Amino acid sequence: MKTMIVITLAALGATSAAAQQASSSPPPGRLLASNCFQCHGTDGRGDGTFDRLAGKSASDIYGDLREMKAENKRGEIMTIHALGYTDAQLRAIAEYFSKQPR
């Protein structure tokens, strides 16, 4: 009888954990912004080598990205990245970083 209770509780726990994982998705823009983490640090809190994006105004980040996209400087890494996103995606990235704590 004890074995049956333990198995039942374990099954319920596993089901609950799987349901929690399935329902928890990353914040909007995080998956798109993850491409930026290599240089700007996880969640935009870099080490000072590159601009810190965390907590910066969404309109400033979006404006910078739009400017980089519009200038279309060949070979510039940020131009290459900016050209790879739609305007809606650039806004999502900017919104994500603006909501991160400095």
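Determine, for Tyr96, Tyr85, Tyr62, the number of other Cβ atoms within 10 Å of each Cβ, and report the residues in order from fewest to most.
On the way: Tyr96 25, Tyr85 16, Tyr62 19.
Listed from fewest to most nearby Cβ atoms, that is Tyr85, Tyr62, Tyr96.
Multiply the residue separation of Lys99 and Arg74 by 0.36 nm, subtract the distance between their alpha-carbon atoms, and state the gained length in nm to one decimal.
Numbers: separation 25, 0.36 × 25 = 9.00 nm, distance 3.09 nm.
That pair, Lys99 and Arg74, stretches by 5.9 nm at full extension.
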Take Ile80, Ile93 and order them by how many other Cβ atoms sit within 10 Å, fewest up front. Ile80, Ile93
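If you take the beta carbon distance between Cys39 and Asp87 as r and set R0 to 22 Å, what does 1/(1 + (r/R0)^6) give as a FRET efficiency, to the nearest 0.05? Walk me through the intermediate numbers first.
On the way: r = 22 Å, r/R0 = 0.99.
Rounded to the nearest 0.05, the efficiency is 0.50.
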Collect residues whose amide H, placed 1.01 Å from N in the peptide plane, falls under 5 Å from the amide H of Lys99; neighbours closer than 5 in sequence don't count. Gly55
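Each value in this text was obtained by applying a stated rule to the coordinates, not by laboratory testing. The structure displayed is predicted, hence computed values, not measured ones. Note: ideal-geometry Cβ built from the backbone for every residue, glycine included; neighbour counts use all protein chains shown.
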